[in-house]
Amino acid sequence: MKIIGITFLMMICLMALSLGLDLLQGFDVTKAWHNAFSPFRVMEVAELFVLYFLLFLFLMGGAYDIYKKKKAEK
């Protein structure tokens, strides 16, 4: 439970920092809010590729662990 709480606290702090930096750069509040809560819409192609690659590795690692457990049970 502590890990989840710390994760959400860090997320809130980082989003507040992002909003503050956007406001300092001259964005209006609506655009800053939009950038903070829709990060995938402002990502470039290379960043999206890395994101999808890491998600793929994460899912394949979980699938491999499940496969190993089922194989060990036999």
query = Hey, which aspartates and glutamates would be in cross-link range of Lys74, C-alpha to C-alpha under 20 Å, not counting anything within fewer than 8 residues on its own chain?
reply = Asp65
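Where the convex hull is taken over the Cα atoms of the chain, what is its projected area averaged over directions, in nm²? Intermediate values should be presented prior to the final figure.
Details: hull surface 29.1 nm².
The number I arrive at for the chain is 7.3 nm².
Quick one, could you list the DSSP H helices from the chain stretching 24 Å or more along their long axis (Cα atoms) with average Kyte-Doolittle hydropathy of -0.5 or above?
Numbers: long enough: 2-24 (33 Å, 2.07); 45-73 (42 Å, 0.81).
Correct list, ordered by number: 2-24, 45-73.
How large is the helix-only mean residue ellipticity at 222 nm for the chain, computed as the sum of -39500 (n - 2.57) over DSSP H runs with n ≥ 4, divided by its residue count, in deg cm²/dmol to the nearest 500?
Numbers: 3 runs with 61 residues, N = 74.
So the helix-based figure for the chain works out to -28500 deg cm²/dmol.
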key: Separation of the Tyr64 and Trp33 label points, Cα + 7 Å toward Cβ, nm   = 4.4
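Values quoted throughout were computed directly from the atomic coordinates according to the rules given, and no laboratory measurement underlies them. All of these numbers come straight from a predicted model, not from anything done at the bench. Positions of Cβ are backbone-derived with ideal geometry, glycine not excepted, and every protein chain shown enters the neighbour counts.
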